[in-house]
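K.L.:
Here it is, the structure in full.
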Amino acid sequence: MTLPEEGFLLRIFIGESDKIDGKPLYEWLVAEAKSQGLAGATVLRGMMGFGAHSRVIHTFKIERLSEDLPMVVEIVDSSENIERFLSFAESRIKRGMLATVEKVQIRVYRGGEAGS
């Protein structure tokens, strides 16, 4: 797969405990991105955060290993693919999501054998 030099970065901010169809939402988003042929997706787990759904600050502390920490799903692809995926996700996710899109310059995108 090749990507255009000018791509778009989709960031979806959700909570770790958010679910869809009984599955963690971040896992569902990555699986859907893969099934729709997007270039790739990465999930990042935040150390601390809050959002529109909860005004409580969620944080990682030793005494509390996890309390609905913030998650960010990042996907880079063409404008058309990002818009198609975002429309699909918006139609399925009814609450607890913030999505941003920004233009990015794709410098390198190459696959290969692991370890080579």
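The values are calculated or read from the model by the stated rules, or taken from the named source; none is laboratory data. Only a predicted model underlies this, so the values are computations on that prediction, with no experimental measurement involved. Virtual Cβ from ideal backbone geometry, glycine too; neighbours counted across all protein chains shown.
K.L.:
So, GLY51, is that one surrounded by 12 or more Cβ atoms within 10 Å (Cβ to Cβ) and either more than 12 Å from the chain's Cα centre (by Cα) or modelled with pLDDT of 80 or more (or both) or not?
P.N.:
Judged against the criteria, GLY51 is a match.
K.L.:
Turning to a different aspect of this structure: Going through region 1-10 one residue at a time, which ones are loosely packed, with under 15 Cβ neighbours inside 10 Å and part of a strand (DSSP E or B)?
P.N.:
If the condition is that a residue be loosely packed, with under 15 Cβ neighbours inside 10 Å and part of a strand (DSSP E or B), then GLU6 is the only one that fits.
K.L.:
Out of the residues in region 20-46 that are in contact with a Leu (Cβ under 7 Å, 6 or more places away or on another chain) and not in a strand (DSSP E or B), state the one that is nearest to VAL101 (Cα to Cα).
P.N.:
That would be ALA39.
K.L.:
Please specify each residue of region 88-116 satisfying the condition of being under 30 Å from GLY22 (Cβ atoms), exposed (fewer than 10 other Cβ atoms within 10 Å of the Cβ) and modelled with pLDDT of 95 or more.
P.N.:
SER91
K.L.:
Let me ask something else about it. Being assigned to a helix (DSSP H, G or I) and in contact (Cβ under 8 Å) with a residue 12 or more places away in the chain is the filter here; which residues of region 84-101 pass it?
P.N.:
Residues satisfying the conditions are ARG84, PHE85, LEU86, PHE88, ALA89, ARG92.
Residues are listed down the side, and each one gets a yes or a no for (1) surrounded by 15 or more Cβ atoms within 10 Å (Cβ to Cβ); (2) charged (D, E, K, R); (3) modelled with pLDDT of 65 or more; (4) under 22 Å from SER91 (Cα atoms):
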position	(1), (2), (3), (4)
VAL30	yes, no, yes, yes
THR42	no, no, yes, yes
MET47	no, no, yes, no
ARG55	no, yes, no, no
PRO70	yes, no, yes, yes
VAL73	yes, no, yes, yes
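K.L.:
Can you tell me which residues in region 1-19 are farther than 12 Å from MET97 by Cα and modelled with pLDDT of 95 or more?
P.N.:
Those that are farther than 12 Å from MET97 by Cα and modelled with pLDDT of 95 or more: PHE8, LEU9, LEU10.
K.L.:
Looking at (1) at pLDDT 95 or above; (2) among the basic types (Lys, Arg); (3) surrounded by fewer than 10 Cβ atoms within 10 Å (Cβ to Cβ), which is the one condition that is false for LYS34?
P.N.:
So LYS34 meets the others, but not (3).
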